[in-house]
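Quick notes on the structure that follows.
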Amino acid sequence: MTPPPITLSPPGTPSVDLTVTKTQVKAKSSSGNCGCSSTTPQEIKDQRLKERIEKHPCYSEEAHHHYARMHVAVAPACNIQCNYCNRKYDCANESRPGVVSELLTPEEAAHKALVIAGKIPQMTVLGIAGPGDPLANPEKTFRTFEIVADQAPDIKLCLSTNGLMLSDHVDKIKQLNVDHVTITINMVDPTVGEKIYPWVHYRRKRYRGIEGVKILHERQMEGLQALQEADILCKINSVMIPGINDQHLAEVDDVIRSKGAFLHNIMPLISAPEHGTHFGLTGQRGPTPKELKALQDSCSGNMKMMRHCRQCRADAVGLIGEDRSQEFTKEKFMEMTPEYNLETRQEIHAGIDKFREQLKSAKAEQIASKQPKQDAPKILVAVATKGQRLVNQHFGHAKEFQIFEVDGVEAKFVGHRKVDTYCQGGYGEEATLEGVIKAIADCKGVLVAKIGDCPKQELLDAGIESFEAYDVIDKVALDFYEQYFQKQSELVGV
Ligand code: CLF
Ligand code: SF4
């Protein structure tokens, strides 16, 4: 007999039932706490690594469904020029690195972090990622970290840099307990880099062309090495630029892995002409989602590959995939009193972690109950979600769809597609529906909390079935998979 289902009630959502079987209960009760198991050094290392990333939404794909990050824009200056960057462009609806609405002083930034830590308690990471380079503005960057570390010790500090000045600052980074550093590395061959970086400003001198790129490359490698020696987790971001470094990024992946990088995040070039970047103005295209996935797949054998990056603004706030920065403009947050409370936050995090554990157990049970079939077909599904790894959003409200690859046994997150919301002011917008269908054209199904008859039919005409549910993504995806192939076999039978 199966025990009664465990009811999960993540904050702000209807309850979701996840049945935990006897086998699982037994497995849980026999895994530790019995005093007779010994822990190997590798297990201790793995456990320590798990603790370092489990609340970081960028370093853990699983965490990004539950925990949020925020950026504070305290670093205006940059010491290099990338052909894909124009920091003058500012649009609150735009989401890409380098873009920011308001610059902050370290004191204002710390105030903002304390306000948001109270209002969005699942915010666990404070990152500094621009709008210029944090280490071209070291005083402002480190002062911000110092104040926040002093007043909000549970917030993880994170830094994203081009790497030019990194090795000079690794001691300070370590001293401030910044445990996550990202370096953007687009090349390990300066002849490739020449097409990406027109100049580099290093130790009070501007170097143009390959001379500057060589300095940047050497400094990036030194920085990576220094992080490894200091035992600081390092993620590498690479911008995929078709025809320039797309063929070269596999080599970058090899080099960074051999030098101890933890995670590789290959992102698509954003190059709309209206952004005014060199690449935008010269017609350089970005990769298609298919090209990006193919490159990520080809590199993912080597090391952990990040696929959930949303190329955040330098003042982004919220879960990755949602941007709440407009709720916390300077005018607004300076009027708010910080309600940071460590105990309250810890209680909320404990609730989130319990929910995550239950999700994991249910997923493990689901996988164990399925018989993997050799050569089982894989299909993609698009999911409308507001987070918590649930199908919990109406089709018309989705600003993006998360894409999962399903093989009949499990559902793997493989990316996301941004869309314009279909529902505008309470009515469906025909023009945006076309864009949504185009964005998820390679998916067999769209999994949503609710969908209207009209978009449902148009999706079906395009070969995409709608599936309504309010439950854990993994479960809904597998239910859809079964139903989809059942229908297919019936059709063949007919
Ligand atoms: Fe910010 Fe970057 Fe830290 Fe994350 S973002 S500094 S590691 S806290 Fe994350 Fe945003 Fe992608 Fe960056 S989704 S752009 S990878
Ligand atoms: Fe822009 Fe960052 Fe490149 Fe500097 S390092 S030019 S801020 S993208």
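May I ask you to say which residue of ASP253, ASP179, ASP231 is over 23 Å from GLY130 (Cβ atoms), open to solvent by less than 40 Å² (accessible area, probe 1.4 Å) and among the charged types (D, E, K, R)? Even if it seems obvious, please write down each step before you answer.
Working: ASP179 fails: over 23 Å from GLY130 (Cβ atoms); ASP231 fails: open to solvent by less than 40 Å² (accessible area, probe 1.4 Å).
On inspection, the qualifying residue turns out to be ASP253.
Go over the candidates TYR197, TYR202 one by one and state the one that is crowded, with 18+ Cβ neighbours inside 10 Å and among the aromatic types (Phe, Trp, Tyr).
When all the criteria are applied, what remains is TYR197.
Applying the selection to the stretch 163-206, what residues are touching a His at 6+ places or on another chain (Cβ under 8 Å) and closer than 19 Å to ILE236 by Cα? Before the answer, list the steps.
Residues of the stretch 163-206 touching a His at 6+ places or on another chain (Cβ under 8 Å): 180, 187-190, 192-193, 198.
Residues satisfying the conditions are HIS180, MET187, VAL188, ASP189, PRO190, VAL192, GLY193.
Does at least one position in the stretch 45-65 carry a residue that is modelled with pLDDT under 85, assigned to a loop (DSSP other than H, G, I, E, B) and either surrounded by fewer than 17 Cβ atoms within 10 Å (Cβ to Cβ) or not β-branched (Val, Ile, Thr) (or both)?
Looking through the stretch 45-65, none of the residues is modelled with pLDDT under 85, assigned to a loop (DSSP other than H, G, I, E, B) and either surrounded by fewer than 17 Cβ atoms within 10 Å (Cβ to Cβ) or not β-branched (Val, Ile, Thr) (or both).
Does the stretch 462-478 include one or more residues that are under 23 Å from TYR427 (Cβ atoms), out of contact with any strand residue (DSSP E or B) (no Cβ under 6 Å at 6 or more places or on another chain) and open to solvent by less than 60 Å² (accessible area, probe 1.4 Å)?
yes
Restricting to the stretch 128-139, and then to whatever is buried (at least 23 other Cβ atoms within 10 Å of the Cβ) and in a helix (DSSP H, G or I), can you tell me which residue is farthest from ligand 1 (Cβ to nearest atom)?
LEU135
Out of GLY286, GLY321, GLY260, GLY301, which single residue is touching a strand residue (DSSP E or B) at 6+ places or on another chain (Cβ under 8 Å), farther than 26 Å from ASP420 by Cα and either open to solvent by less than 30 Å² (accessible area, probe 1.4 Å) or modelled with pLDDT under 95 (or both)?
When all the criteria are applied, what remains is GLY260.
Looking at the stretch 397-420, can you tell me whether even one residue there is more than 20 Å from the chain's Cα centre (by Cα) and aromatic (Phe, Trp, Tyr)?
No, every residue in the stretch 397-420 fails to be more than 20 Å from the chain's Cα centre (by Cα) and aromatic (Phe, Trp, Tyr).
How many of the residues making up the stretch 427-460 are in contact (Cβ under 8 Å) with a residue 12 or more places away in the chain, touching a strand residue (DSSP E or B) at 6+ places or on another chain (Cβ under 8 Å) and not in a helix (DSSP H, G or I)?
Counting residues in the stretch 427-460 that are in contact (Cβ under 8 Å) with a residue 12 or more places away in the chain, touching a strand residue (DSSP E or B) at 6+ places or on another chain (Cβ under 8 Å) and not in a helix (DSSP H, G or I) gives 12.
For every residue, the table says whether it meets (1) among the aromatic types (Phe, Trp, Tyr); (2) buried (at least 24 other Cβ atoms within 10 Å of the Cβ); (3) closer than 17 Å to GLN311 by Cα.
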| position | (1), (2), (3) |
| --- | --- |
| LEU126 | no, yes, yes |
| ASP154 | no, no, no |
| GLY163 | no, yes, no |
| LYS174 | no, no, no |
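Would you point out the residue of the stretch 237-250, among those that are outside any strand (DSSP E or B) and either within 30 Å of LYS50 (Cβ to Cβ) or of a type in the set (Phe, Trp, Tyr) (or both), that is least open to solvent (accessible area, probe 1.4 Å)? Talk me through it step by step, then tell me what you get.
Residues of the stretch 237-250 outside any strand (DSSP E or B): 241-250.
The next check asks that each one be either within 30 Å of LYS50 (Cβ to Cβ) or of a type in the set (Phe, Trp, Tyr) (or both); those that pass are 249-250.
Numbers: LEU249: 0, ALA250: 42 Å².
Filtering first and then ranking leaves LEU249.
Taking the criterion of being touching a Ser or Thr at 6+ places or on another chain (Cβ under 6 Å), within 16 Å of ligand 2 (Cβ to nearest atom), touching a residue at least 40 places away in the same chain (Cβ under 8 Å) and under 16 Å from PRO57 (Cα atoms), would at least one residue in the stretch 160-177 satisfy it?
Yes, the stretch 160-177 contains a residue that is touching a Ser or Thr at 6+ places or on another chain (Cβ under 6 Å), within 16 Å of ligand 2 (Cβ to nearest atom), touching a residue at least 40 places away in the same chain (Cβ under 8 Å) and under 16 Å from PRO57 (Cα atoms).
Okay, residues lined up against (1) closer than 28 Å to LYS456 by Cβ; (2) not in a helix (DSSP H, G or I):
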position: GLY321; (1), (2): yes, yes
position: TYR340; (1), (2): no, yes
position: ARG345; (1), (2): no, no
position: GLY387; (1), (2): yes, yes
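Looking only at helices (runs of 4 or more DSSP H) that fall completely inside the stretch 162-236, which ones have 2 or more residues that are farther than 23 Å from ASN265 by Cα?
166-175, 209-229
Need the failing condition index for GLN371 against (1) in a loop (DSSP other than H, G, I, E, B); (2) open to solvent by less than 20 Å² (accessible area, probe 1.4 Å), just the number.
(2)
Which one is modelled with the lowest pLDDT, of the residues in the stretch 74-97 that are surrounded by fewer than 24 Cβ atoms within 10 Å (Cβ to Cβ) and within 12 Å of ligand 1 (Cβ to nearest atom)?
That would be SER95.
Cβ-Cβ distance below 7 Å, separation of 6 or more or different chains: which pairs start in the stretch 238-259 with a residue that is in contact (Cβ under 8 Å) with a residue 40 or more places away in the chain and end on one that is open to solvent by 10 Å² or more (accessible area, probe 1.4 Å) and among the hydroxyl-bearing types (Ser, Thr, Tyr)?
These pairs meet every condition: VAL239/TYR84; ALA250/SER298.
Any chance the stretch 328-346 includes a residue that's basic (Lys, Arg) and touching a strand residue (DSSP E or B) at 6+ places or on another chain (Cβ under 6 Å)?
no
The values are calculated or read from the model by the stated rules, or taken from the named source; none is laboratory data. From a predicted model like this one, the values you see are computed outputs, not experimental measurements. Cβ coordinates were reconstructed from backbone atoms using ideal geometry, including for glycine residues, and neighbour counts include every protein chain displayed. Only protein heavy atoms, including side chains, enter the accessible area calculation; ligands, DNA and RNA are left aside. Shrake-Rupley method; radii C 1.70, N 1.55, O 1.52, S 1.80 Å.
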